[in-house]
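J.: Got a structure here, written out as structure tokens. Questions coming.
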Amino acid sequence: MDKNHILLPDERIDDLHRNNYQIIQNSKKFCFGMDAVLLSGFAKVKKDELALDLGTGTGIIPILLEAKTEGKHFTGLEIQEESAGMAKRSVTLNNLDEKINIVVGDIKEASKIFGAASFHVVTSNPPYMTEHHGLTNPDMPKAIARHEILCSLDDVAREAAKVLKPNGRFYLVHRPFRLVEILNKLTEYNLEPKRLKMVHPFIDKEPNMVLIECLKGGRSRLTVEPPLIVYKEQNVYTDEIYDIYGY
């Protein structure tokens, strides 16, 4: 694909530091954050497995998972056509059309779109804030990405459980302040939390992200992994963060 002919106004191409992959983004709409990158480092997709990313945005998680894992095929579901369009062009830009498929659709309809028990792995970096929590961004694409306007935590957990095969795995990144609600919701849909990792901006600060792996139909046993510290000093990442990013 000719890079000079794939960008729309205000779009740019960013380097992902993995396999020479790149991604198309629009800084005036919504750009992926560290949470998506950390989720791609936390999730595991094994050889011959099929993975689905719910609310894929511009496709960052499927592209990084394709680079980092031996998964057979990756699908991204995104309701905003503009974001999905950027994701599709990024997939083509990286010559990944045979490995990654971007579908325009609603998370609430995922099981109808793909069918029950159709994936081994599901990932999601969903909106963190409830519709009435905090200030809703007046820019709708950003608001949809950050607030539960078009889908709720219940929608994400319910549809993940439906599209997962028995013993399939669900990987989620979210905010610790909703952890009790998150764990209750996951177990409600038979998604048993198995691994949990807190992410702290600094070693002496409280966590601002939580990474969770669930097993569909798993027994109750949770491993709380050592925390992930983002910065060892101001503006200097820890070695673990550099490794996840691929620098």
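The values are calculated or read from the model by the stated rules, or taken from the named source; none is laboratory data. The structure presented is a predicted model; accordingly, all values stated were derived computationally and were not measured. Note that we place each Cβ from the backbone using ideal geometry, even for glycine, and neighbour counts take in every protein chain shown.
J.: Looking at region 150-175, which of the residues that are surrounded by 19 or more Cβ atoms within 10 Å (Cβ to Cβ) and small (Gly, Ala, Ser) is farthest from Lys112 (Cα to Cα)?
T.: So, considering only residues that are surrounded by 19 or more Cβ atoms within 10 Å (Cβ to Cβ) and small (Gly, Ala, Ser), the one farthest from Lys112 (Cα to Cα) is Gly168.
J.: Going through region 101-126 one residue at a time, which ones are touching an Asp or Glu at 6+ places or on another chain (Cβ under 6 Å) and touching a residue at least 40 places away in the same chain (Cβ under 8 Å)?
T.: Result: Ile107, Lys108, Ala110, Ser111, His120, Val121, Thr123, Asn125.
J.: Surrounded by 15 or more Cβ atoms within 10 Å (Cβ to Cβ), modelled with pLDDT under 95 and of a type in the set (Phe, Trp, Tyr): is that true of Phe74 in this structure?
T.: When the stated conditions are applied, Phe74 does not pass them.
J.: What number of residues within region 219-238 satisfy the criterion of being surrounded by 10 or more Cβ atoms within 10 Å (Cβ to Cβ), within 15 Å of His200 (Cβ to Cβ) and either of a type outside the set (A, V, I, L, M) or in contact with a helix residue (DSSP H, G or I) (Cβ under 8 Å, 6 or more places away or on another chain) (or both)?
T.: 9
J.: While we're on this one: Using the structure shown, decide if Arg195 is of a type in the set (Lys, Arg), out of contact with any Cys (no Cβ under 6 Å at 6 or more places or on another chain) and part of a loop (DSSP other than H, G, I, E, B).
T.: Answer is no for this residue.
J.: So, one more: From the list Glu213, Glu188, exactly one residue is within 17 Å of the chain's Cα centre (by Cα) and closer than 20 Å to Ala117 by Cα. Which is it?
T.: Residue meeting the stated conditions: Glu213.
J.: Scan region 176-217 residue by residue and report those that are touching a residue at least 40 places away in the same chain (Cβ under 8 Å) and surrounded by 19 or more Cβ atoms within 10 Å (Cβ to Cβ).
T.: Matches in region 176-217: Lys197, Val199, Met209, Leu211, Ile212, Glu213, Cys214, Leu215, Lys216.
J.: Shifting gears a bit: Does Gly71 satisfy the criteria of being more than 19 Å from Lys162 (Cα to Cα) and in a loop (DSSP other than H, G, I, E, B)?
T.: yes
J.: Now a separate question. Identify the residue in region 92-101 that is in contact with a helix residue (DSSP H, G or I) (Cβ under 9 Å, 6 or more places away or on another chain) and more than 15 Å from Lys72 (Cβ to Cβ) and, among all such residues, is surrounded by the most Cβ atoms within 10 Å (Cβ to Cβ).
T.: That would be Asn94.
J.: Quick check on this structure: which one of Lys47, Lys28 is farther than 22 Å from Tyr231 by Cα, surrounded by fewer than 19 Cβ atoms within 10 Å (Cβ to Cβ) and modelled with pLDDT of 95 or more?
T.: Within the list Lys47, Lys28, the selection yields Lys47.
So that you can scan it fast, the table gives a plain yes or no per residue for (1) surrounded by fewer than 19 Cβ atoms within 10 Å (Cβ to Cβ); (2) part of a loop (DSSP other than H, G, I, E, B); (3) out of contact with any Lys or Arg (no Cβ under 9 Å at 6 or more places or on another chain):
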site	(1), (2), (3)
Leu7	yes, yes, no
Asp14	yes, no, yes
Ile24	no, no, no
Ser40	no, no, no
Ala67	yes, no, no
Ala87	no, no, yes
Ser90	no, no, yes
Val103	yes, no, yes
Glu109	yes, no, yes
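J.: When region 111-124 is examined, which residues are found to be surrounded by fewer than 19 Cβ atoms within 10 Å (Cβ to Cβ), within 11 Å of Leu52 (Cβ to Cβ) and in contact with a Lys or Arg (Cβ under 8 Å, 6 or more places away or on another chain)?
T.: Ser111, Ser118
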